[in-house]
1. How would segment 153-270 be classified by its alpha-carbon gyration tensor: rounded, prolate or oblate, with rounded meaning a/c under 1.5 and the a/b versus b/c comparison settling the rest?
2. Sequence neighbours fewer than 8 away in the same chain don't count; with that in mind, list the aspartates and glutamates whose C-alpha is under 19 Å from Lys291.
3. Name the shape class, rounded, prolate or oblate, that the alpha-carbon gyration tensor gives for segment 86-188, where a ≥ b ≥ c are the square roots of its eigenvalues, rounded holds for a/c under 1.5, and otherwise prolate holds if a/b is larger than b/c and oblate otherwise.
4. Treat the count of other C-beta atoms within 10 Å as a stand-in for reagent exposure and order Arg104, Arg15 from fewest to most.
5. Considering only Cα-Cα distances, which of the following residue pairs are longer than 30 Å: Lys10/Lys99; Lys195/Lys234; Lys26/Lys300?
6. Answer rounded, prolate or oblate for the chain, using the Cα gyration tensor with square roots of eigenvalues a ≥ b ≥ c: rounded when a/c is under 1.5, else prolate when a/b is larger than b/c, else oblate.
7. Between Asp123 and Ser70, what's the calculated FRET efficiency when r is the beta-carbon distance and R0 is 56 Å? Round to 0.05.
8. With the cut-off at 26 Å, tell me which of the pairs Lys227/Lys312; Lys166/Lys320; Lys215/Lys312; Lys31/Lys111; Lys23/Lys95 have Cα atoms farther apart than that.
Amino acid sequence: MKHYEVPYQKILRKRGRIYIKTKNPKETALKLTWIFGVSSVSPAIQTTSTMDKILQTAVRLADTTIEGESSFAVRCRRIGKHPYSSMDVCKEVGKQILKNLGNRNLRVDLKNPQFTINIEVRDADAYIFSETLQGAGGFPLGSQSKVVCLLSGGIDSAVACWLVMKRGCPITPIYLDNAPFTDETTTAKALEVAKKLFEWSIGFPRKVYVVPHGKNLENFVTKAPRKLTCILCKRMMYRIAEKIAEIEKAEGIATGEAIGEQASQTLHNLRVLNEAAVKYPIHRPLLGFDKTETEALARKIGTFELSIRKAKHCSAPPYKPSTKAKLEIIKETEKKLGIERMVEESVRAAKMVMV
């Protein structure tokens with residue numbers, strides 16, 4: 001609330017509910033849907049739990065909410081002891097709405113209403129509302145350990161970052177800069193995507209590691225079997241991510257890989273990639289996702305339009321990449337290239353960018 005400069009008077013926590021008292025309920029509710037751990041948000045009017053006050057408030061809300069010739073329902077749930085039941089509240093409120101708004105030709109429909117008046121009675125208070133916004137769900141950010149994420153700026157890696165955040169893990173994105181096989185437009189896009197992701201993690205560091213990777217990629221293109229370029233490249237990314245995970249005291253590495261999405265992501269090649277990571281687990285939240293499912297999530301979280309923005313695609317992938325790379329050949333190739341030295345040089349050259 002402070003970050004977005006939305007004024008509020010008080011925040012209260014009571015038995016499974018967080019109440020925020022504010023004069024800007026709609027704006028507040030929309031911002032709160034971006035908080036992991038929040039399942040739903042309802043702008044509500046607070047009153048006392050006496051039947052008279054509930055009836056007055058509910059009819060007033062119905063007057064401003066329910067349109068003419070519409071169907072409606074009243075739902076009530078109670079916590080505490082009261083001289084009435086939840087059913088009593090629903091019946092009485094329904095009667096008063098029909099009586100006071102009789103000129104609108106309203107009708108009650110308990111199965112599929114067009115409008116719903118919700119009443120939650122909690123001890124001496126009652127909360128009346130007609131709208132419930134879906135929240136982000138998941139676990140509160142920070143309730144799990146930190147994860148470093150390989151972020152390319154594309155659709156998949158951004159959604160993978162968001163999914164581990166949803167489970168409570170703060171993220172530190174790592175962007176591997178493939179220039180000259182890409183250019184500054186690719187880097188700019190990745191940083192914009194990271195910036196959008198950080199809108200879901202207010203109060204946490206907004207830093208991205210930018211690691212020069214073009215020299216490594218050039219070695220793979222010119223000094224190794226061409227069909228192995230992408231496998232060698234990704235294994236190098238894992239090794240760099242492990243070093244940064246150690247620096248960041250993270251507990252794992254997240255990637256946007258899904259089974260069969262690219263040649264390097266066949267089940268066989270994923271096993272070959274895993275072998276490069278020796279200290280940290282590789283987490284793949286999108287492993288079983290279809291592209292349409294991933295794109296739908298990207299639109300929901302606000303990264304889709306950024307990820308499809310025009311930028312130079314990496315020109316290093318071979319025409320016929322290996323879909324079943326042999327680990328012994330990969331390891332022998334890496335030995336000749338001096339892979340550990342390449343990793344150390346890359347990590348030393350990494351820059352931390354605040355977005």
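1. Values: a/c = 1.79, a/b = 1.51, b/c = 1.19.
Prolate, because a/c is 1.5 or more and a/b exceeds b/c.
2. Partners within reach: Asp156, Glu257, Glu261, Glu305.
3. Working: a/c = 5.51, a/b = 2.72, b/c = 2.02.
In terms of gyration-tensor shape, prolate.
4. Values: Arg104 17, Arg15 7.
So the residues, fewest neighbours to most, are Arg15, Arg104.
5. Numbers: Lys10/Lys99 36 Å; Lys195/Lys234 24 Å; Lys26/Lys300 19 Å.
Too far apart for the 30 Å limit: Lys10/Lys99.
6. Details: a/c = 3.19, a/b = 2.76, b/c = 1.16.
Judged from the Cα gyration tensor, the chain comes out prolate (a/c at least 1.5, a/b above b/c).
7. On the way: r = 32 Å, r/R0 = 0.58.
Given R0 = 56 Å and the Cβ-Cβ separation, E is 0.95.
8. Numbers: Lys227/Lys312 21 Å; Lys166/Lys320 37 Å; Lys215/Lys312 18 Å; Lys31/Lys111 31 Å; Lys23/Lys95 30 Å.
Violating the 26 Å Cα-Cα cut-off are Lys166/Lys320; Lys31/Lys111; Lys23/Lys95.
Any read-out appearing in this document is the output of simple, stated calculations on the displayed coordinates, not a laboratory observation. Owing to the predicted nature of the structure, the values given are computational and were not obtained by experimental measurement. In this analysis, Cβ positions are derived from the backbone assuming ideal geometry, glycine residues included, and neighbour counts consider all displayed protein chains.
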